[in-house]
Amino acid sequence: MGRMGSSRVRLASAAILRKAGPVRIFNTLTRKKEVIKPLKDKHLGMYACGLTVYDFAHIGNLRTYVFEDVLRRVLEFNGFRVKHVMNITDVGHLTSDADTGEDKMEIGARRERKTAWEISEHYTELFLEDAAKLNIERPQVIPKATQHINDMIKLIRLLEKKGYTYVTDDGVYFDTSKSKGYGKLARLEPGGMLPGARVEVNPQKKSPSDFALWKFSPKGTKRDMEWDSPWGAGFPGWHLECSAMSMKYLGKTFDIHCGGIDHIPIHHTNEIAQSEGATGRKFVNYWVHAAHLIVDGRRMAKSSGNFYTLSTITDKGYDPMSLRFFYLQAHYRRELNFTYEGLDAARNAMNSINEFVRRLGEYDGGKDNVGVRALTLKTGARFTKAMNDDLNTPEALAVLFRFITHVNRLMDERRMSRANARMVLELMLVLDRVLGLNLKRSLEKEALPEQAEKLVKEREQARKAGDYVRADAIRNRLRDEFNIVLEDTPEGVKWKKRS
Ligand SMILES: [Zn+2]
């Protein structure tokens, strides 16, 4: 990278940020865009509800995790130090978010004839692999619910002491009528229900909105996952897990809590009730929620045959970065409809950005163009301004693509210098710290498949030994089987993909 270019962008990034203004995020609690102000200096605590690991993450789950990753990247780009905690729900999430139905882990275990422990380990691993493929920065803390049972029991004890709990035949419940401001996040009606919500019948619950903190193991059965507690053997409620783990790692009050919008009326509402009941303090300053993803206009479901995972897509030959780009094209608060046509468009866009970056790396052009330098910095500022405005990714990408078109034309006409290209390249890589599209990959020389590399070496040996028949046969094989064309140059053998 040209030294001149890099120092300029680096020096300018302070100016880029100054022009971009502060980070504003839509806070579900206040229904307003608010400037992010940390509780402590430049430090931000951010909690994200993790996957219930009884099955693959679907592309709707993954959309939420990519959104959280972009949020973290934007905050870090703006100089905040983010402590990102994402839990793994490996017990206690029932088929209904409102504490009815069966534990999802047990369902997964039965389906695959494994123990709940094996299931959770298996799907946790696959989930973290998917996240890495999507270039999601690994959260600093990834606590598992099953490793925090004592913290949860302590929290129930505290709530019990403060008079928030009662016991029924099937568990320990939180009494929502005792909770001041219950339902404020979702703006629930008095009684704690969403307008028109279906009321489930549990005659021992004092109010339909009350929820389980601890569920007893059914009498006479032994679950794969159960623990002793002062109230009887059983397992924790899903909402309790997130309260216990978020406060353990981020404090009684912390900055940002994220998740999908489906968490607002029950899961996050109940997290607030428990946490604020236990501590008497405000739980979270900013609640940030991503909208749903649907597939071909319909809700994803295994029964509809449209339950898509990352492998569904990569098995068809798509790169995970195409999916990431697809997500970024839509604002995180808008419902996103996944179609393969949309993914194709995202793939084409990804190809053109990668091609642009590769070209910038190789460009050896004409005279210095002062306009390019000014435009580069202006683009950086515009891009960041869009991202800082409630993560306006569609606008930020539009800014970037106008810039790419313009600079491509300048390169076609050789109206910019090599140093100009290096500076633009550096901006692209700087902005990719926010987008996470792994653009620097297009600067790396593509590696040969292992088998092909072996053949190239064998051909070299054959040539040195004067066995040209064999050398030519290997050359043809590389062309036909691997689509690779060899070129003998004074610097040795070079190869390229046949286009
Ligand atoms: Zn949660």
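Observations
- Residues that are outside any loop (DSSP other than H, G, I, E, B) and surrounded by fewer than 21 Cβ atoms within 10 Å (Cβ to Cβ), drawn from the stretch 306-319: Thr309, Ser311, Thr312, Ile313, Thr314
- Subset of the stretch 244-268 that is under 24 Å from Arg81 (Cβ atoms), near the ligand (Cβ under 10 Å from one of its atoms) and not aliphatic (A, V, I, L, M) - its residue that is farthest from the chain's Cα centre (by Cα): Ser246
- Taking the criterion of being open to solvent by 30 Å² or more (accessible area, probe 1.4 Å), under 19 Å from Leu39 (Cβ atoms) and of a type in the set (Gly, Ala, Ser), the only residue of the stretch 259-305 that qualifies is Gly280.
- Contacts under 7 angstrom Cβ, first residue in the stretch 40-63 being within 30 Å of Gly305 (Cβ to Cβ), partner of a type in the set (D, E, K, R) and within 16 Å of the ligand (Cβ to nearest atom), 6 or more apart: Ala48/Glu68; Thr52/Lys104; Val53/Asp90; Tyr54/Lys104
- Odd one out for Val288, checked against (1) closer than 30 Å to Ile156 by Cα; (2) without any contact (Cβ under 8 Å) to a residue 12 or more places away in the chain: (2)
- Once the stretch 411-453 is narrowed to residues that are within 32 Å of the chain's Cα centre (by Cα) and of a type in the set (Gly, Ala, Ser), the residue that is modelled with the lowest pLDDT is Ala447.
- Across the stretch 80-100, the qualifying residues are those that are under 20 Å from Leu39 (Cα atoms) and away from the ligand (no atom under 11 Å from the Cβ), and the one among them that is nearest to the chain's Cα centre (by Cα) is His84.
- Of the listed requirements (1) in contact with a His (Cβ under 9 Å, 6 or more places away or on another chain); (2) open to solvent by 10 Å² or more (accessible area, probe 1.4 Å), Thr221 misses just one: (1).
- Considering the stretch 206-295, the qualifying strands (runs of 3 or more DSSP E), each wholly inside and each with 1 or more residues that are among the small types (Gly, Ala, Ser), run over 211-216, 234-236, 254-260, 284-290.
The values are calculated or read from the model by the stated rules, or taken from the named source; none is laboratory data. Source: prediction; values computed, not measured. In this analysis, Cβ positions are derived from the backbone assuming ideal geometry, glycine residues included, and neighbour counts consider all displayed protein chains. Just the protein is used for accessible areas: all its heavy atoms, side chains included, with ligands, DNA and RNA removed. Shrake-Rupley method; radii C 1.70, N 1.55, O 1.52, S 1.80 Å.
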